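What follows is a single structure, written as structure tokens, with notes after it.
Each reported figure results from applying straightforward, stated rules to the coordinates on display, with no laboratory input. Computed from a predicted structure; not experimentally measured. Every residue, glycine as well, gets a Cβ built from its backbone with ideal geometry; the counts of neighbours run over all protein chains shown.
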Amino acid sequence: MKPTIFIYEASARAELIREICAGLEEEGVLFAVVTRNETNAETLAFNASSESLLGVGIGISGSSAAMQMKNFAVNSPIFRIDSTNLSDYRNLGTNAALAVKGGMFV
């Protein structure tokens, strides 16, 4: 399996997933979207980060999204958003990619 950021989603809005993916694509980081049963964005993000070879995961449930790194505690995401601004979700994807690449967050 290639090093990939997992995006675990549960009943997430399609346009929000699309924006997160766009942020990851712009930075050239591979990702996979997986539908899960958990409904808490933080739990989804923690599980995604734990299963990713890159140690970074994103969880999105409804309009809530979180980015987690596997060495951080459960329910302690690096970023958490619940916004009406689509660019916030793109920035979340960008920041997840930058966490992998060692860049500065936007």
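A few points about this structure:
- Charge dipole of the range 1-53 about the Cα centre (unit charges at C-beta), most positive-ward option of Cys21, Asn47, Asn37: Asn37
- Computed over the chain: relative contact order in percent, which uses C-alpha pairs under 8 Å that are six or more apart: 31 percent
- Think of it as helices only: each DSSP H run of n ≥ 4 in the chain is worth -39500 (n - 2.57), and spread over all residues that comes to -12000 deg cm²/dmol at 222 nm.
- The spacing between the range 71-101 and the range 32-56, judged by their C-alpha centroids, is 12 Å.
- Dipole magnitude for the chain: computed about the Cα centre from +1 point charges on Lys and Arg Cβ and -1 point charges on Asp and Glu Cβ, it is near 180 debye.
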